[in-house]
Amino acid sequence: MKPANIEPEKPEQAGTAFPAGYPRGKKLVQEGLGGREVKTAWGSYYLIEINRPGELSFPQNNGLGLLRNLQLVRGIGPVTEQRLQECGYWTLTDLCRHPRWQEEAHVCLQLIARRDFTGLRRRGASDWDILEFFRPEDLVFLDIETTGLWCSQPLFLVGILSWRDGTFTLKQFLARHYREERALLAALLAELPSFQVVVTYNGKKFDIPYIEGRTVAHGLPYRFQQEQLDLLYHARRCYQGLLPNCRLVTVEEGLLDLAREDDIPGHLIPQVYHHFVQTQEPRLMKKILEHNAQDLFSLAHLLPLLMEGS
């Protein structure tokens, strides 16, 4: 969804307040970060793109798996489902012949045919049931880096990871100073309509509302229309009590046997970014970019493992 009927403001008109001591005349870094400056009607931002071979796979049944879930029918629980199966009712299609359940079974089949995911979720369909309707190419993994915990404070980096034809493509949209946030957001909003599912880690409570809040602050109001898959929920469901905690780095160690080396602690990221804005030293931003990229690739590798564990 693109913002409509909004004229780009000049960069110096952007609504974000700059911290004291912000060097307005400092030349923005162009080299040393592995990307390029992009100039738009909304201002400039910095873009890093990385391609990496790899596979992303999960079952794709166009909802056929839901046909075997008799519990989508209101009034049918595990015991009734087992009894119906013993009588030869294995699918919702079979249930359309049942004198008691046929009407509700037809409703469920219509929801599947219409891809009415809201209606299916209300009847108990899981994230994994919904994911069967999509291809790997329909997914985008998303992770943000911000200057605080609330969307009243700027974000400065959005990473998105997608997959097509055996290749992962990582795009990192970076605001080299606070006034580039608007152009960063506009560029992100132009990318998002290409995808139908947004995959995050705690994104439903943090990344998604934070981005939406920042778009409002910059006069680019946007609401995510894509299906949302938050892997933190599934990590907790599968591994709470089995792992020390469900922080992403802990889940990486437990499931991917991945131990990050020299990773920047999350609580230091805002402080380091503010210092980067003042100095434009690429070395300060590199660790943050690596941290963001690793988060995204870990999500892609965790997705099939969490599906299997559910």
### Query
Does at least one position in segment 123-137 carry a residue that is within 19 Å of I50 (Cα to Cα) and not in a loop (DSSP other than H, G, I, E, B)?
yes
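Give the residues of segment 70-84 that are in a helix (DSSP H, G or I) and either surrounded by 14 or more Cβ atoms within 10 Å (Cβ to Cβ) or at positive phi (or both), sorted by residue number.
As a first pass, look at segment 70-84 and keep what is in a helix (DSSP H, G or I): 70-72, 78-84.
Residues satisfying the conditions are L70, Q71, L72, T80, E81, L84.
Can you find even one residue in segment 228-235 that is at pLDDT below 95, closer than 24 Å to F134 by Cα and assigned by TED's automatic domain parsing to the domain that holds K171?
Residues of segment 228-235 at pLDDT below 95: none.
Scanning segment 228-235, I find no residue that is at pLDDT below 95, closer than 24 Å to F134 by Cα and assigned by TED's automatic domain parsing to the domain that holds K171, so the answer is no.
Within segment 113-134, is there a residue that is within 29 Å of the chain's Cα centre (by Cα), within 30 Å of L28 (Cβ to Cβ) and hydrophobic (A, V, I, L, M, F, W, C)? If you could, list the steps in order and put the result at the bottom.
Our first condition is that a residue be within 29 Å of the chain's Cα centre (by Cα); within segment 113-134, this holds for 113-134.
Now restrict to residues that are within 30 Å of L28 (Cβ to Cβ): none.
Within segment 113-134 (the criterion being within 29 Å of the chain's Cα centre (by Cα), within 30 Å of L28 (Cβ to Cβ) and hydrophobic (A, V, I, L, M, F, W, C)), the answer is no, since none of the residues qualifies.
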### Query
Do we find a residue being modelled with pLDDT of 95 or more and acidic (D, E) anywhere in segment 28-45?
yes
### Query
Quick check, is E145 in a helix (DSSP H, G or I) and either of a type in the set (D, E) or under 16 Å from F195 (Cβ atoms) (or both)?
no
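Can you name the residue in segment 85-99 that is surrounded by fewer than 11 Cβ atoms within 10 Å (Cβ to Cβ) and not hydrophobic (A, V, I, L, M, F, W, C) and is also farthest from G65 (Cα to Cα) among such residues? Spell out how you get there, then give the answer.
Of segment 85-99, the ones surrounded by fewer than 11 Cβ atoms within 10 Å (Cβ to Cβ) are 86-88, 99.
Then drop every residue that is not not hydrophobic (A, V, I, L, M, F, W, C), which leaves 86, 88, 99.
On the way: E86: 19, G88: 17, P99: 23 Å.
Step by step, filter segment 85-99, then rank; the result is P99.
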### Task
Please enumerate the residues belonging to segment 282-310 that are surrounded by fewer than 18 Cβ atoms within 10 Å (Cβ to Cβ), at pLDDT 95 or above and in contact with a helix residue (DSSP H, G or I) (Cβ under 8 Å, 6 or more places away or on another chain).
K287, H301
### Query
Between residues in segment 279-291 that are hydrophobic (A, V, I, L, M, F, W, C) and residues that are surrounded by fewer than 20 Cβ atoms within 10 Å (Cβ to Cβ) and in a helix (DSSP H, G or I), which pairs lie under 9 Å by C-beta distance while being six or more apart or on different chains?
L284/V272; L284/H275; M285/V272; I288/I269; I288/V272
### Query
With (1) assigned to a helix (DSSP H, G or I); (2) farther than 30 Å from E180 by Cβ; (3) out of contact with any His (no Cβ under 6 Å at 6 or more places or on another chain) as the list, and L258 as the residue in question, which single condition is left unmet?
(1)
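Going by the structure shown, is E49 touching a Ser or Thr at 6+ places or on another chain (Cβ under 8 Å) and either modelled with pLDDT of 90 or more or of a type in the set (F, W, Y) (or both)? First the steps, then the outcome.
Details: touching a Ser or Thr at 6+ places or on another chain (Cβ under 8 Å): yes; either modelled with pLDDT of 90 or more or of a type in the set (F, W, Y) (or both): yes.
Judged against the criteria, E49 is a match.
Taking the condition under 20 Å from Q225 (Cα atoms), touching a helix residue (DSSP H, G or I) at 6+ places or on another chain (Cβ under 6 Å) and assigned to a strand (DSSP E or B), does L185 pass?
On the way: under 20 Å from Q225 (Cα atoms): yes; touching a helix residue (DSSP H, G or I) at 6+ places or on another chain (Cβ under 6 Å): yes; assigned to a strand (DSSP E or B): no.
Answer is no for this residue.
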### Query
Here are L155, L139, L109, L189: which of them is closer than 21 Å to I208 by Cβ, aliphatic (A, V, I, L, M) and surrounded by fewer than 20 Cβ atoms within 10 Å (Cβ to Cβ)?
L189
## Note on the structure
Flagged in segment 162-218 as among the basic types (K, R) and within 27 Å of P282 (Cα to Cα), in numbering order, are K171, R176, R179, R182, R214
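The values are calculated or read from the model by the stated rules, or taken from the named source; none is laboratory data. Keep in mind that this is a model prediction, so the values were computed, not measured. Counting neighbours? That spans all protein chains shown, and the Cβs are built from the backbone with ideal geometry, glycine included.
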